[in-house]
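Working notes for the structure below.
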Amino acid sequence: MEPIISTQDLKKIYRVGKVDVPALRGVDLTVQEGEFLAVVGPSGCGKSTLLHILGGLANPTSGRVLVDGNDFATMNEDDRTRFRRHKIGFVFQRFNLLPTLTARDNVAIAQHIQGNGFNPHRFESVVELLGLEEKLKHKPYALSGGEQQRVAIARAVICEPKILLADEPTGSLDSENSQAVLNMMRTLNRTFRQTILLITHNQEAAAVADRIVRMRDGRIISD
Ligand SMILES: Nc1ncnc2c1ncn2[C@@H]1O[C@H](COP(=O)(O)OP(=O)(O)OP(=O)(O)O)[C@@H](O)[C@H]1O
Ligand SMILES: [Mg+2]
């Protein structure tokens with residue numbers, strides 16, 4: 001079967017003034033559809049850089065990335081934006097909800113932006129899975145951190161993205177809320193066969209995944 005993600009000798013060098021900062025030094029990674037993969041490693045080892053490139057938010061300096069059969073290098077900016085909207089869901093450490101909208105609208109707006117209109121069946125199943133039924137009328141200030149992150153996850157998966165990319169989604173949560181969010185990601189993976197790539201510092205977080213990729217100094221050191 002064709003992998004959903006594959007990279008070949010992926011390198012990223014940031015240039016800061018006259019100094020080159022190598023963030024990725026040759027990453028070969030293959031992910032199959034339906035996998036729940038955790039990427040772990042010390043601060044600065046290149047995890048977020050890798051995730052941004054896989055999501056089409058940044059360009060590699062060299063190497064190849066194929067996501068669901070698409071090569072970003074051959075796409076223009078419009079194609080890439082469309083691709084991201086339809087195929088990728090992002091979750092970050094900061095929840096980035098729109099403060100003036102209710103939980104319901106924060107989730108539903110993603111369907112409108114994507115352009116396929118509101119899908120009530122999908123909405124209900126995602127809201128139920130993330131345990132948000134009672135919180136839909138709340139605005140972000142009236143939600144706990146864990147609830148806000150669950151809304152952010154609902155927003156990220158509502159349009160049935162091929163891949164969910166999560167960068168330290170439990171990074172600002174206490175251990176109880178972290179565990180709840182991780183359990184829900186696992187259920188998402190099982191229920192919808194959602195492909196998930198989870199970046200984390202946290203060994204417990206990594207334990208909910210099926211596969212753990214360890215990075216160090218811009219390279220994968222074990223898989
Ligand atoms: N925009 C940038 N400009 C210059 N250097 C950068 C930039 N973004 C990241 N870096 C550098 O690239 C390296 C990898 O950074 P990255 O953010 O990918 O690490 P990380 O593994 O996600 O770390 P953390 O766990 O702290 O989030 C680091 O040395 C970092 O300082
Ligand atoms: Mg990071």
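No lab work stands behind these numbers, since they all come straight from the coordinates. No experiment lies behind these values; they were computed from the predicted model shown. We place every Cβ from the backbone using ideal geometry, glycine too, and count neighbours over all the protein chains shown.
Odds and ends about this structure:
- Residue in segment 203-210 that is more than 27 Å from N96 (Cα to Cα) and either surrounded by fewer than 16 Cβ atoms within 10 Å (Cβ to Cβ) or under 15 Å from the mean Cα position of the chain (by Cα) (or both) present: yes
- Condition met for K18 (among the charged types (D, E, K, R) and within 26 Å of G171 (Cβ to Cβ)): no
- Evaluation of T170 against (1) surrounded by 15 or more Cβ atoms within 10 Å (Cβ to Cβ); (2) more than 16 Å from the chain's Cα centre (by Cα) (one fails), failing number: (2)
- In the condition set (1) among the β-branched types (V, I, T); (2) in contact (Cβ under 8 Å) with a residue 12 or more places away in the chain; (3) more than 15 Å from ligand 2 (Cβ to nearest atom), V19 is compliant with all but (2).
- Each residue in segment 25-39 was checked for being touching a Lys or Arg at 6+ places or on another chain (Cβ under 8 Å), closer than 21 Å to A73 by Cα and more than 16 Å from ligand 2 (Cβ to nearest atom), and 2 of them qualify.
- Helices (runs of 4 or more DSSP H) wholly inside segment 95-165 that include at least 1 residues being surrounded by fewer than 17 Cβ atoms within 10 Å (Cβ to Cβ) and in contact with a Leu (Cβ under 6 Å, 6 or more places away or on another chain): 145-157
- N189 buried (at least 16 other Cβ atoms within 10 Å of the Cβ) and closer than 27 Å to R216 by Cα: yes
- In segment 21-60, of all residues being away from ligand 1 (no atom under 11 Å from the Cβ), surrounded by fewer than 19 Cβ atoms within 10 Å (Cβ to Cβ) and not polar (S, T, N, Q), the one that is nearest to P169 (Cα to Cα) corresponds to L57.
- Hits in segment 40-69 (condition: within 11 Å of ligand 2 (Cβ to nearest atom) and within 13 Å of the chain's Cα centre (by Cα)): K47, S48, T49, L50, L51, H52
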